[in-house]
Amino acid sequence: MNILVVGGGGREHALVWKLSQSPRVGKIYAAPGNAGMAQLAECVPVSSEDLAGLLNFAKSRKIDLTVVGPEGPLSLGIVDEFRKAGLRIFGPARSAAEIEANKAFTKDLMKKYGIPSAEYGSFTDRGQAEAYIRRQGAPIVVKAAGLAAGKGVIVAETVEEALDAVDLIMGKKAFGAAGDVVVVEECLLGEEASFMAFTDGKTVVPMVSSQDHKRVFDADKGPNTGGMGAYSPAPIVTPEIERQVMEKVMHPTVEAMAKEGRLFQGVLYAGLMIHNGQAKVLEFNARFGDPETQPIMARLDSDLIDIFEGIIDGKLDSVPIHWKKDPAVCVVMASGGYPGTYAKGKEIHGLDKAAGLNNVMVFHSGTAGRNGAVVTDGGRVLGVTGLGPTVAAAIEAAYSGVKEISFEGAHYRRDIGARALERGV
Ligand code: AMP
Ligand code: GLY
């Protein structure tokens, strides 16, 4: 079977790595891929948002299955285009991907179907958003409704900050048309967790739980990033919380989307805030999380092609899905300056040595090949992932890999997984 994976980050490398283990796999292509994926797949220089280019490529190479990593192409309707052309593709259609791409739509959906989430108002009028903020007071959360590469959310401690956020989003248009509508939300307290499930629109199968580390520095200090690391399982997601989330969030959401004529087939990702044993939804994503996918793929013990096909064919209920008991931990190594500005093109040393270690997988994010060397090519550069019989062992494995790798300006958090250890697992 020939497979095309769309995307070029650590999530896609982890997917390619897992797909490459299937006895059913023939050739794997990645568009655009990265230097890590190039070891397992042929990278093709087509951007993940060039739908026409991707469609042409898939037709000309007789691709049997296309797998979409990022939200951009999903919200542009890549799945609809491929289906129209008779090609098999994994991911939600455009109307279903709106659950991530349009926060105002999703807040209304959750309200209509009683799915637990923060109180909110959504506004196209700036004055009304400002009046709502003054009425509600701070802390309060201001969000651009559209896709903003994870940057469109401002948790404001004061009314002033919240008004500035509205100015940034609606006045200065910092996120372009994504800020045409603004969602203003009650600020929830608690601990966050990522809850992902496979669904074919009827059957919903939870993945093992995970938690990412969004802040750039140890002890959750500094600005938010795309994610500096992740681990699985997340002890905060107890069996009781999992039952609650399946019953009150995942099943009702999948049913609601079907009722609204937006059958959701793919990975449904709920970003949760858990407080006093109650989970509320912060956001939905219509795709695998990054970096959560790296530790989760490290733990998957079933054939990923079977799962993707089960979803496409509406037969997920007949696909066995098993997980390794061993925890996994992914430590992101980032470029100097990230999440602010950073230089690219720094040569990376020690990759082979790290990848040769037992229970260590080095997933690439922003990397590129240059004259036979691997160089940095993005903010998040690598996701060094360790697997072990205990969380402590998985942490040790991941950091033993990190220790072997160096590039100018590299930085990473030293406390990935520490919160799981504190909870005594
Ligand atoms: P989102 O992309 O909507 O998940 O928001 C990004 C981050 O902002 C989340 O991971 C939380 O850390 C924070 N956040 C979003 N919504 C809220 C909320 N209602 N209350 C508190 N924090 C929030
Ligand atoms: N790790 C958060 C996300 O993938 O959106």
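The values are calculated or read from the model by the stated rules, or taken from the named source; none is laboratory data. Since the model is a prediction, treat every value here as computed from it, not as a measurement. Here the Cβ positions follow ideal geometry from the backbone for every residue, glycine too, while neighbour counts run over all protein chains shown. Side chains included, ligands, DNA and RNA excluded: accessible areas come from the protein's heavy atoms. Shrake-Rupley method; radii C 1.70, N 1.55, O 1.52, S 1.80 Å.
Couple of notes before you dig in:
- Solvent exposure of region 1-90 amounts to 37 Å² per residue of accessible area, where only protein heavy atoms count and the probe is 1.4 Å.
- Whole-angstrom gap from region 131-162 to region 87-111, using each part's C-alpha centre: 22
- Distance from the Cα centroid of region 231-278 to that of region 1-56 is 28 Å (rounded to whole angstrom).
- Tensor-based shape of region 39-117 (alpha-carbon gyration tensor, a/c under 1.5 rounded, otherwise prolate or oblate): prolate
- Label-zone membership for region 372-408, site GLU347, 7 angstrom Cα→C-beta point, backbone N under 20 Å: 372-378, 381-382, 403-408
- Net charge contributed by nearby residues that have their C-beta within less than 11 Å of VAL374 (K/R +1, D/E -1): -1
- Multiplying the residue separation of ALA149 and ASP301 by 0.36 nm and removing their Cα-Cα distance gives an extension gain of 51.6 nm.
- All C-alpha pair distances within region 167-290, sorted into 10 Å bins from zero, spread as 12, 36, 35, 16, 1 percent across the bins.
- For region 88-208, dividing the convex hull volume of the Cα atoms by the residue count gives 131 Å³ per residue.
- Share of carbon and sulfur in the accessible heavy-atom surface of region 175-308 [1.4 Å probe, %]: 52
- The modelled label-to-label distance for the pair GLN39/LYS202, using points 7 Å beyond Cα in the direction of Cβ, is 4.1 nm.
- Dipole magnitude (debye, nearest 20) for region 1-93, charges at Cβ of Lys, Arg, Asp, Glu: 400
- Relative protection proxy for 189-197, 271-279, from highest mean packing down: 189-197, 271-279 (other beta-carbon atoms within 10 angstrom).
- Inter-centroid distance (Cα atoms) of region 373-392 relative to region 171-209, Å: 25
- For region 157-244, the per residue solvent-accessible surface stands at 40 Å², with DNA, RNA and ligands left out and a 1.4 Å probe.
- Residue-averaged 222 nm ellipticity for the chain, from DSSP H runs of 4+ at -39500 (n - 2.57), nearest 500: -8000 deg cm²/dmol
- Amide hydrogen neighbours beyond the local backbone of ARG413, cut-off 5 Å, H modeled: VAL332
- Within the accessible surface of region 1-123, defined with a 1.4 Å probe on protein heavy atoms only, the carbon and sulfur portion equals 48 percent.
- Accessible-area composition of region 326-425, carbon plus sulfur, in percent [1.4 Å probe]: 46
- A simple count of charges around ALA334, restricted to other residues whose Cβ falls under 10 Å of its Cβ and scoring Lys, Arg +1 and Asp, Glu -1, yields +2.
- Taking label positions 7 Å along the Cα-Cβ direction at both ARG423 and SER47, the computed distance is 4.0 nm, reported to one decimal.
- Against the rule of thumb 2.2 N^0.38 Å, how large the Cα Rg of region 248-371 comes out: 1.37
- Candidates THR124, PRO139, VAL159 compared by Cα position along the dipole of region 117-183: farthest toward the positive end lies THR124, with charges placed on Cβ.
- Spin-label model distance (nm) - PHE217 vs GLU161, 7 Å beyond Cα toward Cβ: 1.6
- In a fully extended conformation the segment linking THR390 and LYS325 would gain 22.5 nm over its present Cα-Cα distance, using 0.36 nm per residue.
- Net charge of Cβ neighbours under 11 Å - reference ILE133; Lys, Arg +1; Asp, Glu -1: -2
- Per residue, the Cα convex hull of region 103-174 amounts to 92 Å³.
- Placing +1 on each Lys and Arg Cβ and -1 on each Asp and Glu Cβ, with no other charges, gives region 256-341 a dipole about its Cα centre of roughly 300 debye.
- Magnitude of the charge dipole, region 172-253, Cβ model with Lys/Arg +1 and Asp/Glu -1, debye to 20: 280
- Filter on LYS27/LYS59; LYS111/LYS202; LYS151/LYS344; LYS103/LYS280; LYS346/LYS403; LYS59/LYS103 - keep pairs with C-alpha separation over 23 Å: LYS59/LYS103
- Volume per residue that the Cα convex hull of the chain spans, once the total is divided by residue count, Å³: 136
- With semi-axes defined as the square roots of five times the eigenvalues of the C-alpha gyration tensor, the equivalent ellipsoid of region 10-83 measures 19, 14, 12 Å, largest first.
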